[in-house]
Structure formats: C-alpha cells, structure tokens
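Student: Pasting a structure below so you can have a look.
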Amino acid sequence: MMNSIQNLLDQVAIIGKKHEKLLDATGGRFNVFRVCGVDHYENRHSAILAELLRPDGTHGLKETFLACFVGRFCEEGFRRKFDCTKACVATEYATAKHGRMDILIEDQGTKCAIIIENKVYASDGHEQLKGYDSFAKDKYGEGNYVIFYLTLQGDDPSKDSGKGVKYTRISYKDDMIRWLEECVGFAARLPTVRETLFQYINHLKSLTGQDMNAKYKEEVIRLLCENPKNVESAFAIGDSFTEMKNYLVNEVFLPKLTSLCKALNLENTSQKGDMVNTPYTGFSITNPSWRFFQIAFEFGRTGLGNLCIGVIPKERNVKNAETYATLKQRYPKNSNDVWAYYQYFTTYRDWGKDAMLAIHTGTMVDVFKDEIVKLLELTKGLAM
C-alpha cells in the first residue's frame, strides 16, 4: 500500500509541475487585482463595480454597462422607468439611521434607485437589509427601488437582515461574471477597458474556484480514477487528511504561537485539540493589560469559510460598553453583537492548502505577528 501511495503522490507532483510551467508560460499567475489585494475587502469590489456602472465612468462607454446590468437583473416594469442616462452612482452611501449602503444608483430624473449590498466575506449587520428597505421606502416610494444582495456564491442574507424584505440574490460566481463577459463585448474596441475586464473576470473566477486550478484538478481526478490501486491509495490519503491538518495546527503551529505571544507579552490561551473542524476553529490570546476583552482568531466558523482576527469579550455578557461603542463608531462595518472589532485576513481565507503550507514553512507565525501588532496599535489607548 505504501508503495502505491508514494507512486500516486509522485504522479500528482508531475502534474503539478506541468501546471506550474503552464502558468509561467501563459502569464497565468499575474493578475493586477490579486496583486492589489482585491480579495476580501468588499469596499474595493464595490469601487470597481461602481466605476463600471457609472455613466460618467472613466471607461468612456457612458451608460452601456449600467444598461446591461439593469437589463439582466431588473424586472421589466422597473427597467421601463429607470433611465440609465440620468443615473448617479455612489459608494458607501451614508443614511441617517441605517448605516452605509455599499452601492446606491439613483435615476436623477424619475428618482428611482438600485441598492446593491455587497458581501464578499463579511456577515450581515443587525437587520441590515430591513434598514435599507425602510430608507428606500421613505425616499423613493414603494415600487421605485430594487435591492440586490451580492455574494460570491449567491447566498441568502441572515434571517434577521432579510426577513420581510423584497430583494434579489445575485452572485459573483455566475451572475456578475456573465454580466462582465457581456461587458467585454461592448469594450471590444477599447483595449485597456477590455483587458481590465478580462483581468477582473479571471480574478473572480479564482475567488469562486473556476480558474485554471479547475483544469489541474480535472487532470488529477482522471489520474485518481485511472485504476483500482489509485482509487484505493486516494481513499487512504483522504482518510488521513483531517488528521494531517490537525497535526499541523496543533503540534506544529500552536507551540510557535505560544512563543510568539510570550515575545509580545501576551498569553496564548488556546487549547490543543481538533481545531480545524469544530464550530470554533480559532485561537484566543489574552493581553494581561486588558480587563474585558481578548484577541481572537477565527479560521472559518463552520459553513462560513472566513478567516479573521478581532477583539471579543472575555465573557459574553461582560464587556466595557464605552470601548465597545467606540470601536463600533470608528469601524461600523467591523463590529457586531459578538465581535467588538474584526478584520478579515488579507493573506489566507481558510484552512486550505496555502495556510497549511505556511504553517509547514513557518511563515504563518509571521502573518499572525503582523496582525497582532496591527490590532494592538489599533486599540492603543482604549480601556480594553
């Protein structure tokens, strides 16, 4: 069995090297959006989408992209009365009572509006869509606005956010990529715009698991199914996969995290155990100078696949209300009923291959150090 497993691993490695050479030969590694960190931050995606949707956008195609969006996603009745030529697009639009809308598109003539709530990895705020719906009813009137809930995979909003609200789910994975592909056709004679759209489409495909890695996976799958020995070896490896990840997290990374905390005068209070596939798959770190809060890392609470760092109360119902309010005021989109403050990682999203390799090579502890230092600076002077 061990020989069969080793043979299979060697063959997979050969496919991997071929894939790497193909990426080098085609420039497939290069993507300006990835280089600039347009992954986890929804405001950056909102800025890109808003620029494309603006009739006065720098793309020079006037209302073409917006008209395509409206034609694809809005109902016929709304399409007839919404005048794309008179539209004004805003990001982070502040309302008096209901927070900031990611994207607001107003028809300055008929006073109709399109609201886009953009969720890349963040979760909903309390009754978020309800608030936007209430705002829109007051300002535009029933039937004169539409609300889109945009996520990577087309997920539903939380129950308290979307209950009783008429909204349309759209996804980056399918809807936005198809819209952008149609936009490429309109930009055929504008090479800078066209190639930028291609880059963004490829970036979204990477974020939603549809890039060149999919071809690599297909080739590996064909190899695994090639003969009975490969199937048997694949299952033997698969049966040990979770244990491998847990070993790397608990036996390799936790001791390094403990040493890092000591160097920063902090204490790693995380417990060794099955830290990859439990509902809470993260770490807790105590700062001796903090009375009410602790630092927490969360590597993908079950079903979310998010990786973040933040500040949570040491005890759920015991927290410094003034500090909590200060953080919420400073960072309204980075606070909820559980987290006094949270920020998604710019490097890793989950306990995937990249994170495991970073643990193995030792670079993960450097990432943690950078994030902890940033957090300590951000909370400096607060009564934590």
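Student: Given (1) over 30 Å from H203 (Cβ atoms); (2) out of contact with any Lys or Arg (no Cβ under 7 Å at 6 or more places or on another chain); (3) modelled with pLDDT of 90 or more, where does Y140 come up short, assuming only one miss?
Tutor: Status for Y140: all satisfied but (2).
Student: Same structure again: Taking E106 and the conditions (1) within 23 Å of the chain's Cα centre (by Cα); (2) buried (at least 18 other Cβ atoms within 10 Å of the Cβ), which numbered condition does it fall short on, given that it satisfies the others?
Tutor: Single failed check for E106: (1).
Student: Criterion first (at pLDDT below 90 and either surrounded by fewer than 19 Cβ atoms within 10 Å (Cβ to Cβ) or not assigned by TED's automatic domain parsing to the domain that holds P157 (or both)) does T85 satisfy it?
Tutor: Details: at pLDDT below 90: no; either surrounded by fewer than 19 Cβ atoms within 10 Å (Cβ to Cβ) or not assigned by TED's automatic domain parsing to the domain that holds P157 (or both): yes.
Answer is no for this residue.
Student: Further question: Restricting to segment 255-287, what's the tally of residues that are modelled with pLDDT of 90 or more and at negative phi?
Tutor: First pass over segment 255-287, keeping only residues modelled with pLDDT of 90 or more: 255-268, 285-287.
Now restrict to residues that are at negative phi: 255-264, 266-268, 285-287.
Qualifying residue count, segment 255-287: 16.
Student: Next question. Name, by its number, the condition in (1) in contact with a strand residue (DSSP E or B) (Cβ under 7 Å, 6 or more places away or on another chain); (2) under 25 Å from K81 (Cβ atoms) that does not hold for L152.
Tutor: Only one criterion is unmet by L152, namely (2).
Student: Please find, among A96, A136, the residue that is among the hydrophobic types (A, V, I, L, M, F, W, C) and buried (at least 18 other Cβ atoms within 10 Å of the Cβ). Steps first, answer last, please.
Tutor: Details: A96 fails: buried (at least 18 other Cβ atoms within 10 Å of the Cβ).
After ruling out the rest, the residue left standing is A136.
Student: Which of the residues that make up segment 146-181 are of a type in the set (A, V, I, L, M, F, W, C), surrounded by fewer than 19 Cβ atoms within 10 Å (Cβ to Cβ) and closer than 16 Å to Y121 by Cβ?
Tutor: L152
Student: Please work out if T58 is surrounded by fewer than 19 Cβ atoms within 10 Å (Cβ to Cβ), more than 30 Å from S161 (Cβ to Cβ) and touching a residue at least 24 places away in the same chain (Cβ under 8 Å). Break it down into steps so the answer makes sense when it comes.
Tutor: Numbers: surrounded by fewer than 19 Cβ atoms within 10 Å (Cβ to Cβ): yes; more than 30 Å from S161 (Cβ to Cβ): yes; touching a residue at least 24 places away in the same chain (Cβ under 8 Å): no.
No: the conditions fail for T58.
The values are calculated or read from the model by the stated rules, or taken from the named source; none is laboratory data. Here the structure is a predicted model, which means the values were calculated and not measured. Note that we place each Cβ from the backbone using ideal geometry, even for glycine, and neighbour counts take in every protein chain shown.
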